[in-house]
1. (1) in contact with a helix residue (DSSP H, G or I) (Cβ under 7 Å, 6 or more places away or on another chain); (2) closer than 28 Å to Glu83 by Cβ; (3) open to solvent by 20 Å² or more (accessible area, probe 1.4 Å): which one isn't true of Gly207, the others all being true?
2. For residues that are surrounded by 16 or more Cβ atoms within 10 Å (Cβ to Cβ) and among the charged types (D, E, K, R), scanning just the stretch 90-103, find the one that is farthest from Ala75 (Cα to Cα).
3. If you scan the stretch 137-157, which residues turn out to be open to solvent by 90 Å² or more (accessible area, probe 1.4 Å) and among the polar types (S, T, N, Q)?
4. Could you go through the stretch 59-78 and let me know if any residue there is small (Gly, Ala, Ser) and either at pLDDT 95 or above or open to solvent by 50 Å² or more (accessible area, probe 1.4 Å) (or both).
5. Yes or no: Leu113 touching a Gly at 6+ places or on another chain (Cβ under 7 Å) and more than 17 Å from Gly31 (Cβ to Cβ)?
6. State which residue is surrounded by the fewest Cβ atoms within 10 Å (Cβ to Cβ) when the search covers only the stretch 106-136 and only residues that are polar (S, T, N, Q) and farther than 17 Å from Phe150 by Cβ.
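The values are calculated or read from the model by the stated rules, or taken from the named source; none is laboratory data. Just so we're clear, the structure is a prediction, and the values are computed from it rather than from any experiment. FYI the Cβ positions are ideal-geometry reconstructions off the backbone, even for glycines, and counts take in every protein chain you see. Just the protein is used for accessible areas: all its heavy atoms, side chains included, with ligands, DNA and RNA removed. Shrake-Rupley method; radii C 1.70, N 1.55, O 1.52, S 1.80 Å.
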Amino acid sequence: MQGETFSRVQTFTKMEPIRTSPRKQVGILGGTFNPVHIAHLITADQVGKALGLETVALMPSNQPPHQDEKKTIDAVHRLQMLELAIVDNPLLSIEPIELQRAGKSYTYDTMKLLTEQNPDTDYYFIIGGDMVEYLPKWYKIDELMQMVNFVGVRRPNYPTETEYPIIWIDVPLMDVSSTQLRKKIAQGCSVNYLVPPNVVNYIQEKGLYLDEI
């Protein structure tokens, strides 16, 4: 696989099922979701509808292996915020497997377990275009490529050429990050319209992120 470069770009801009198949078609969007925000939700919704997927599961990580250990709020809060965020969108769901497994969240281990548990499902793993260049460094990337279809969300100034097969999707560009939102909350700034209203209410009721540096 690694000796070939895929320069032909696949782009889907409207609802267009990948193929007619009795197998389930499920998207996976991973992240800490600390907190979940509109960029997460729009990306999941746009990709799911563009590819005609049955569902796009938001999969909160326990501890991302590619990052230094950092403080995150309790998983109970992150799961509750996700449930609130997707309550009115039947396309979206939650996959809690990495929180249940605990430890570092290697994508290969997670997807191996999911594909074993759901042999009738084809998975579409969604990543930002800025992450594509790091794929060669992912744990057991070649084996992972045999398990899932990678879906890349285009990012400005990042190339779409890669040695790996990627399905590229155009999604509205949004410069929103959970880190930015946590700081705004700690500073007493509004995050209205950046975070779903019911999630904003939950954050305020629980007093989350007030000590963010």
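1. If we test Gly207 against (1) in contact with a helix residue (DSSP H, G or I) (Cβ under 7 Å, 6 or more places away or on another chain); (2) closer than 28 Å to Glu83 by Cβ; (3) open to solvent by 20 Å² or more (accessible area, probe 1.4 Å), just (1) comes out false.
2. Ranking the candidates gives Glu95 first.
3. Matches in the stretch 137-157: Gln146, Asn157.
4. no
5. Here the answer is no, as Leu113 does not meet what is asked.
6. Out of the qualifying residues, it is Gln117.
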